[in-house]
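Read-outs: derived from the displayed coordinates by stated rules, not from any lab. Small disclaimer: the values here were computed from a predicted structure and weren't measured. Here the Cβ is made from the backbone with ideal geometry for all residues, glycine too, and neighbour counts use every protein chain on show.
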Amino acid sequence: MIHSLRVPPPHLLDQLLLGATLFKIGLVILGLVVIAYARCTWRSGPESPALTSASRGKYILVILAAILFAAGALRLYRLDSGLWHDEIVTYVKYAKIPFGEILSTYDSGLPYTEAAPCRAVILTTCPSLVPS
């Protein structure tokens with residue numbers, strides 16, 4: 001169907017297929033995590049007692065660690081490819097204005113709960129980028 005609408009460039013087709021493959025892998029991982037969590041928390045019966053709060057906490061920490069690891073790996077993937085559009089807009093519009101202005105004005109592009117931490121990170125990591 002895509003080929004009947006337009007012929008994509010070869011490099012774009014490869015990127016689309018990679019994106020679809022990564023999406024499918026993510027769905028499989030999410031499904032396995034949901035199944036594992038369901039099996040661990042919904043056990044009941046005389047042969048397998050329900051999980052105690054301590055063991056449930058361990059499972060939650062393992063799941064949280066897996067999610068954080070996956071998020072970190074996805075963030076590090078192609079990190080050297082340059083800034084993304086949302087990162088550029090955040091820097092251009094919000095990094096250079098003072099905290100007071102961020103907190104006192106509302107912009108539909110980025111709420112102050114996200115703009116203020118962005119400014120704080122830029123101030124602490126790259127203070128030369130922010131005019132005084």
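Note that segment 29-38 has calculated 3J(HN,Hα) couplings of 4, 4, x, 5, 5, 5, 5, 5, 5, 5 Hz, one per residue in order, obtained from phi through the Karplus relation 6.51 cos²θ - 1.76 cosθ + 1.60 (θ = phi - 60°); glycine and proline are x.
FRET efficiency for the pair K24 and S81, taken as 1/(1 + (r/R0)^6) with r the Cβ-Cβ distance and R0 = 25 Å, rounds to 0.65. Derived scalar couplings between HN and Hα for segment 79-93 equal 5, 7, 7, x, 6, 8, 4, 5, 5, 5, 4, 4, 5, 5, 8 Hz in order, rounded to whole Hz, by the Karplus curve 6.51 cos²θ - 1.76 cosθ + 1.60 (θ = phi - 60°), x for Gly and Pro. The length gained on full extension between V121 and V34, counted as 0.36 nm times the residue separation minus their Cα-Cα distance, comes to 27.9 nm. Using R0 = 22 Å, the C-beta based FRET efficiency linking A71 and Y106 works out to 0.15.
Basic side chains Lys and Arg get +1 at the Cβ, acidic Asp and Glu get -1 at the Cβ, and with that the dipole of segment 52-117 about its Cα centre reaches some 380 debye. Remark: spin-label model distance L61-Q15 equals 4.2 nm, labels positioned 7 Å along the Cα→Cβ axis.
Computed on segment 85-129, the Cα convex hull volume stands at 63 Å³ per residue.
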